[in-house]
Amino acid sequence: MFKKKLFGKNIEPACEYCEHGNLTIDGAMVLCEKKGLMEKSFHCRAYLYSPLKREPKRSPILKPHDKSEFEI
């Protein structure tokens, strides 16, 4: 049986989502346990996806509806 990945199947590998990496205080770089200071978009052989580190894209905010739209 195949496991269904959280947040979809087409996730590009990035140190930002890696189990071994932690974001720096300013959020511009990643501190990796394996490689040291890395860019957020980089990934290496030790990459291990962590779904809890990923923030999904937000859905667009819908405008409020008027009562006239629901009248017949």
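The values are calculated or read from the model by the stated rules, or taken from the named source; none is laboratory data. All figures in this text were calculated on a predicted structure; none of them were measured in a lab. For neighbour counting, all protein chains shown are included, and Cβ atoms are generated from backbone atoms with ideal geometry for every residue, glycine included. Surface accessibility is based on the protein's heavy atoms, side chains included, excluding ligands, DNA and RNA. Shrake-Rupley method; radii C 1.70, N 1.55, O 1.52, S 1.80 Å.
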Within a Cβ distance under 11 Å of N22, other residues only, what is the Lys/Arg minus Asp/Glu net charge? -2
Given that just one value was derived from the coordinates, which of [x] 38, 17, 8; [y] 16, 14, 11; [z] 29, 12, 10 is semi-axes √(5λ) of the Cα gyration tensor in Å? [x]
Quick check: residue separation of F70 and L31 times 0.36 nm, minus the Cα distance between them. What number comes out in nm? 8.7 nm
Whole-Hz Karplus ³J(HN,Hα) for region 61-72, in order, using 6.51 cos²θ - 1.76 cosθ + 1.60 and θ = phi - 60°, x for Gly and Pro? 7, 8, 6, x, 8, 8, 5, 5, 6, 9, 8, 9
How far apart, in nm, are two points set 7 Å out from the Cα along the Cα-to-Cβ line at I11 and at K63? 3.5
Leaving out same-chain residues fewer than 8 places away, which aspartates and glutamates sit with a Cα under 20 Å from that of K35? E12, E16, E19, D26
Express the carbon and sulfur contribution to the solvent-accessible surface of the chain as a percent, rounded to the nearest whole number, probe 1.4 angstrom. 57
Residues of type lysines that K9 reaches as a straight line, Cα spacing below 24 Å, ignoring anything fewer than 8 places off in the same chain: K40, K53, K57
Solvent-accessible area per residue, Å², over region 30-70 with all protein chains present [probe radius 1.4 Å]: 99
